[in-house]
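Q: First, the structure itself, so that you have it in front of you.
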Amino acid sequence: MENEVQKKRILSGIQPSGDLTLGSYLGAIKNWAALADEYDCYYMLADMHTITVRQVPADLRRRTLTQVAAYIACGLDPEKNVLFVQSHVPAHAQLAWVLDCYTMFGELSRMTQFKDKSAKNADNINAGLFTYPALMAADILLYQADLVPVGGDQKQHVEICRDIATRFNGVYGDVFKLPEPYIPQVGARVMSLTTPENKMSKSDKDQNGCVYMLEKPEDILRKFKKAVTDSDACVRYDPAAKPGVSNLMQIYSVATGRSYGEIEQEFDGLGYGDFKKAVGEAVVELLRPIREETERLLADKAYLESVYRTGAEKASYVANRTLSKVYKKVGFLAR
Ligand code: TYM
């Protein structure tokens, strides 16, 4: 028990706003399972974040449950990691309101994700989309997380979380621990297979650019076969000049553990056809056990329910401690 208290803490999450993608897997989840022994780990399903964009309610529920199963299938043992649904722990919404009052309009206006999402959803630029980073800061700060393992696109949100925490601590003393982003060396920014200058994203309208974690092998192979390359016919890592090929190399490198130099040698003198086939096959093999295990777990709803219920209890315990401290600091009368 003593040891557990001293372990550093991790918090991360994924929005069940679309089916899980290869990008979320390589940029985030793949790196989570290995952390369980060394850290005290909390992994959330960020369902509250998803309604900043309109969702079909039944689909959101289905995807949330599937994501619980996928987390476990990716190696997150519920005995060693706290797996929970954000909306099951009311402290997230409660702290988010307090943090809204310590977050500046100007800093929220600068967020890249806000700018992107408001351009994509011009008919629904709601206040939640704007204050999204304050809710994400609440997610992290409630657990006094040391590290936040995310892909490169979330770095800015972890930075604003630190700024909010620093501002709050500046007024009230050391209430929040300042978290660090934890971004993988390779796989931090997986790009679309069809438009490799854009991030692979679950909200992408072009289905061929995005590979889903639970997709059928034949569909994965087809998408890689069609992936955009260039007219150079040479497998070489150069993201600026060869974005498509470099993205495929990144994916292949994470899937096989080979370095860029080794990959260049492996495909020296071979055409892009062979290369794309090899990448597709490596991804199929990487994802196969996860898909099979997710399907098996989805047949046992009672087990999945027990996992997220227990997770919500454990998460609430830690979150409520931080929330009480914050309420006291800002001057709310104790109930
Ligand atoms: P989300 O749901 O968009 O993405 C989940 C995780 O996957 C990473 N990721 C990628 N990594 C590499 N290449 C890609 N193409 C790619 N696409 C996604 C993301 O960086 C992220 O780590 N706001 C967050 C969810 C969130 C959260 C939190 C994260 C809510 N609260 C607290 C950490 C801590 C989001 O929208 O991620």
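The values are calculated or read from the model by the stated rules, or taken from the named source; none is laboratory data. Predicted model, so just to flag it, every value in this text is computed and none were measured. Cβ coordinates were reconstructed from backbone atoms using ideal geometry, including for glycine residues, and neighbour counts include every protein chain displayed.
Q: Restricting attention to the stretch 89-109, which residues are part of a loop (DSSP other than H, G, I, E, B), under 23 Å from the mean Cα position of the chain (by Cα) and surrounded by fewer than 17 Cβ atoms within 10 Å (Cβ to Cβ)?
A: Within the stretch 89-109, just Pro90 meets the criteria.
Q: Could you check the stretch 53-78 and list, in sequence order, the residues that are farther than 14 Å from Ser306 by Cα and in contact with a strand residue (DSSP E or B) (Cβ under 7 Å, 6 or more places away or on another chain)?
A: Applying the first criterion (farther than 14 Å from Ser306 by Cα) to the stretch 53-78 yields 53-64, 66-67, 70-71, 73-76.
Correct list: Thr64, Gln67, Tyr71, Leu76.
Q: Give me the pairs, please: first residue somewhere in the stretch 294-310 and on the phi > 0 side of the Ramachandran plot, second residue anywhere and surrounded by 13 or more Cβ atoms within 10 Å (Cβ to Cβ), beta-carbon distance under 8 Å, and either six or more positions apart or on two chains.
A: Matching pairs, first to second residue: none at all.
For (1) modelled with pLDDT of 90 or more; (2) surrounded by fewer than 21 Cβ atoms within 10 Å (Cβ to Cβ); (3) in the same structural domain as Val279 (by TED's automatic domain parsing); (4) within 7 Å of the ligand (Cβ to nearest atom), each residue gets a yes or a no:
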site: Gln6; (1), (2), (3), (4): no, yes, no, no
site: Ile10; (1), (2), (3), (4): yes, no, no, no
site: Gly13; (1), (2), (3), (4): yes, no, no, yes
site: Pro16; (1), (2), (3), (4): yes, no, no, no
site: Leu20; (1), (2), (3), (4): yes, no, no, no
site: Gly23; (1), (2), (3), (4): yes, no, no, yes
site: Ala28; (1), (2), (3), (4): yes, no, no, yes
site: Ala36; (1), (2), (3), (4): yes, yes, no, no
site: Asp40; (1), (2), (3), (4): yes, no, no, no
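Q: Same structure, new question: Assess whether Leu83 counts as being surrounded by fewer than 19 Cβ atoms within 10 Å (Cβ to Cβ), more than 10 Å from the ligand (Cβ to nearest atom) and not assigned by TED's automatic domain parsing to the domain that holds Asn247. Steps first, answer last, please.
A: Details: surrounded by fewer than 19 Cβ atoms within 10 Å (Cβ to Cβ): no; more than 10 Å from the ligand (Cβ to nearest atom): yes; not assigned by TED's automatic domain parsing to the domain that holds Asn247: yes.
No: the conditions fail for Leu83.
Q: Quick one: how many residues across the stretch 153-192 are assigned to a loop (DSSP other than H, G, I, E, B) and either within 15 Å of the ligand (Cβ to nearest atom) or surrounded by fewer than 17 Cβ atoms within 10 Å (Cβ to Cβ) (or both)? First the steps, then the outcome.
A: So the first thing to find is which residues in the stretch 153-192 are assigned to a loop (DSSP other than H, G, I, E, B), and the list is 173-179, 183-190, 192.
Applying the additional criterion that residues be either within 15 Å of the ligand (Cβ to nearest atom) or surrounded by fewer than 17 Cβ atoms within 10 Å (Cβ to Cβ) (or both) yields 173-174, 176-179, 183-190, 192.
Adding up the residues that qualify gives 15.
Q: Just for the stretch 101-146: of the residues that are of a type in the set (D, E, K, R) and within 19 Å of Asp47 (Cα to Cα), which one is nearest to the ligand (Cβ to nearest atom)?
A: Within the stretch 101-146, the first condition is being of a type in the set (D, E, K, R), and the residues that meet it are 107, 110, 115-117, 120, 123, 139, 146.
Those left that are additionally within 19 Å of Asp47 (Cα to Cα): 117, 139.
Values: Lys117: 10, Asp139: 4 Å.
The residue in question is Asp139.
Q: Counting only residues that are assigned to a helix (DSSP H, G or I), within 30 Å of Lys7 (Cβ to Cβ) and hydroxyl-bearing (Ser, Thr, Tyr), how many does the stretch 110-152 have?
A: Let us first name the residues in the stretch 110-152 that are assigned to a helix (DSSP H, G or I), namely 112-120, 127-141, 152.
Next, from what is left, pick out any that are within 30 Å of Lys7 (Cβ to Cβ): 132-141, 152.
When the remaining residues are screened for being hydroxyl-bearing (Ser, Thr, Tyr), the result is 132.
The number of residues fulfilling the criteria is 1.
Q: Is it the case that some residue within the stretch 152-160 is among the charged types (D, E, K, R) and at pLDDT below 95?
A: So the first thing to find is which residues in the stretch 152-160 are among the charged types (D, E, K, R), and the list is 153, 155, 159.
Going one step further and asking which of them are at pLDDT below 95, we end up with 153.
Yes.
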